[in-house]
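Here the structure is laid out as structure tokens; the discussion comes afterwards.
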Amino acid sequence: MTAEYKVLGEIAVITMTNPPVNGLGYSTRVGITDGLSKANDDPAVKAIIITGAGKAFSGGADIKEFGTSKALQEPNLLSVILALEASPKPIVAAIHSVVMGGGLELALGCHYRVVAPGTSVALPEVKLGLLPGAGGTQRLPRVLGVETALNMIVSGEPVKSELLASAPGQKLFDKLAASAESLFDEAVEFAKSVAGKPAAELPLVRNLPCKHPQGDAYFQFARNMVTGMSKNYPAPLKCLEAVRASTTMKFNDGMAEERRLFTQLMLSPESSALRHLFMAERAASKIPDVADDTPKRDIKTVGVIGAGTMGGGISMNFLNAGIPVKILEMKQEALDRGIATIKKNYEAQVKKGKLKQDKYDQRMSLLSTTLSYDDLKDCDLIIEAVFEELGVKETVFKKLDEVAKPGAILASNTSTLDVDKIAAFTKRPQDVVGMHFFSPANVMKLLEVVRGKETAKDVLATVMAIAKKIKKTAVVSGVCDGFIGNRMIEQYSRQAGFLLDEGATPQQVDKAIEKFGFAMGPFRMGDLAGNDIGWAIRKRRATERADMKYSRTADKLCELGRFGQKTGAGWYDYQAGKRDAIPSQVVLDLIEQHRKDEGITPRKISDEEIVQRLVYALVNEGARILEDGIASKSGDIDMVYLTGYGFPIFRGGPMHYASQAGLYNVAEAMKRFAKNPRDDGKFWEPAALIQKLVAEGKSFS
Ligand code: 3HC
Ligand code: NAI
């Protein structure tokens, strides 16, 4: 059982002991009801306190139990709360640190609540695509008023306890303790003050009235707001309907309505995706052969080499986290340009009111520049972001090997080069690692941490920890061409090209995949990033991998100088100063001519085929990445795509999506695509891992 029971004089204390956040899993629920029975059976006990050990009162229902029979096993959370309400002896919740989801619902089933200041209070179920399913939608409006409760439930955002405790008329908290340290003693005092109260006089939240003066009009207004904000996500509207039920139905009927809506959401693909995201995000920071307690190196100062597009953005991440940065360049003009861009970015934030002037000044004061490698000798982490040429990287890493202090971590931001080769330019390959940021590096969440064959475990542990500090989602990738993300996107782009050959237009492909939920289709994305980048990569690969088949349309486009937005023309036309993609007759003619040259008779291609070929191309390459050990788990691949490539969050990433679609169906579709003479049949043979999982009736998860 993960709850402890003790008796202090006339007060029984039940303490949830389920680290890390006292999730209300089966063994904790049993512990609570067990303690409750003991307390009610003991004539010496006159009041009961429920609290949580460690860093939370409770983070809510145990997310790891979702989808398993354990979640519903009696006593389920609803039964525990009913048992609390039915207790003939007063129950006081002593709440601190975090009270969320089912944890807050549990507290609302207690007769009284004493809270420590600074506690984060939330019903965050909506962020998991759910609604509070243990009475939260019926009880919170009764203690905070309908509007405050609805805001909290629909947004899922935490609110500090002292703010809620000071709201006029609130009935959520009976007492705000003076401090977290004094909470327990104050809860004991409070319990003594209500000890021995007759059962009939014990207050229950369910008995409080719940009305909104404008009733239907208010909910219609709120519905319009929520509908506009929650495209693709069913949970926010269902949260609203459940809260509305608290104002129109009797308590027990409202509870039944909440349950009905909760069950619908629990079965929805959107919730499945969001729960997967929650777990995958946390799992990504765990590396199978690197223990959690691996000692980490101290990172107090960071050096950045190259003040270009990436170097500037990378530097901003560390400045934002209060870590001093020294940027090195070859020439003063390049430094000046780089610093000016950093300033411009910050100033734009100040102008928009997103950054206070004093914070801006503080960040800039942490930034220094140099033209001399000797000035990097005290840096604990040095990140190289110079031109993408192995020769240039060689010069830089040989120099770093001479000047960097022993134990300094030497990182490369290379997007395509072999990190093992870069490491071999030094006499300390164990200290070398890839830190592949995405552009704009100060905005994009993803960081691919590229593990060389000699990268030391403590280097990896340190880089994962520093990534968290600069608020990045770090995913470990092995060394291969393109790492996880770009290796997969190559297959996606190849399919986009074949679709043009076979009869689709750029706008049809973009529209279909954007309707699926991608932020931007492949052709609009190409125009934004610059089509010349892919062109250069294809030229390099033409010699390395001559057997790889591509559509020639993209090369022909580049031969016309249509590199995208920066040249005013790409797959689409652009008007000066505007980013709207206008379908281009030049491009349509180019594609038509290309088909004639290749002897292709165009056919009508459905949106469904477009989506499947693009997404399943990611899935097949993702599976090969797993087979090759480049990624250690499918959730890592999903995190790369969700945080770095605009894959729709509500679909949970390519590997999760494929698991949801059923790997058998995915493999059958691949076999169909393999028969298409215009496509790359060899690529479409389902990866061995997919075939194995299908044979075993399993999915990636
Ligand atoms: N159940 C199980 N484990 C949980 C959990 C939960 N509800 N909430 C967090 N954890 C785990 C995490 O998986 C992580 O585990 P790990 O160390 O093995 O990776 C660990 O707790 C720490 O989590 P964070 O890294 O997120 O730590 P933080 O200190 O940054 O944040 C937190 C703590 C604010 C509690 C945050 O984890 C959080 O927001 N959790 C989700 C809370 C939530 O959504 N609760 C609602 C659950 S649904 C529910 O209650 C349904 C009910 O209405 C019926
Ligand atoms: P950039 O051309 O904007 O900047 C490179 C900077 O490095 C220039 O300011 C240049 O003066 C400086 N530089 C070149 N050689 C140097 C040397 N020997 N010593 C010191 N400074 C030197 O290039 P960008 O886009 O910032 O790319 C840098 C690296 O980041 C490359 O390896 C690239 O592949 C990688 N990358 C780029 C992404 C992008 O979208 N631009 C995304 C992810 C990685």
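Side notes on the structure shown:
- Cα-based shape type of region 11-99, given that a ≥ b ≥ c are square roots of the gyration tensor eigenvalues and the cut on a/c is 1.5: oblate
- For region 276-404, a/c is not less than 1.5, where a ≥ b ≥ c are the root eigenvalues of the C-alpha gyration tensor, and a/b does not top b/c. That puts it in the oblate class.
- Per-residue SASA entry for MET249, accessible area with 1.4 Å probe, Å² rounded to 10: 80 Å²
- 0 to 90° range, to nearest 10: angle between helix 607-627 axis and the chain longest Cα axis: 90 degrees
- Annotation for region 336-403: trypsin sites (Lys or Arg not before Pro) lying in DSSP loop with at most 11 further Cβ atoms inside 10 Å of their Cβ are LYS352, LYS354, LYS356.
- Counting only lysines at least 8 places from LYS427 when in the same chain, those with an alpha carbon closer than 27 Å to its own are LYS296, LYS300, LYS326, LYS377, LYS393, LYS398, LYS399, LYS405, LYS453, LYS457.
- Gyration tensor verdict on region 574-688 (Cα atoms; rounded if a/c is under 1.5, prolate if a/b is larger than b/c, oblate otherwise): oblate
- Sparse-neighbour loop sites [trypsin sites (Lys or Arg not before Pro); region 10-48; at most 10 other C-beta within 10 Å; DSSP]: none
- Selected from TYR657, GLN138, THR543, residue furthest toward positive end of dipole (the chain; charges at beta carbon): GLN138
- Cleavage-rule hits (trypsin sites (Lys or Arg not before Pro)) in region 225-281: DSSP loop, at most 16 neighbouring Cβ within 10 angstrom: LYS231, LYS250
- Solvent-accessible area of HIS96 with every protein chain in place, 1.4 Å probe, in Å² to the nearest 10: 30 Å²
- Helix 457-469 axis versus longest C-alpha principal axis of the chain: approximately 70°, rounded to the nearest ten.
- Accessible area per residue in Å² at 1.4 Å probe, computed on region 3-266: 41 Å²
- Within the same chain, lysines fewer than 8 places from LYS578 are excluded, and of the rest, those with a Cα less than 27 Å from its Cα are LYS231, LYS343, LYS344, LYS351, LYS352, LYS354, LYS445, LYS511, LYS515, LYS556, LYS566.
- Of the accessible area of region 485-696, computed with a 1.4 Å probe over protein heavy atoms only, carbon and sulfur atoms account for 53 percent.
- Accessible surface calculations at 1.4 Å, restricted to protein heavy atoms, place region 547-701 at 46 Å² per residue.
The values are calculated or read from the model by the stated rules, or taken from the named source; none is laboratory data. These numbers come from a predicted model, not from an experiment. Neighbour counts run over all protein chains shown; Cβ positions are idealised from the backbone, glycine included. Ligands, DNA and RNA are excluded from the accessible area calculation, which covers all protein heavy atoms including side chains. Shrake-Rupley method; radii C 1.70, N 1.55, O 1.52, S 1.80 Å.
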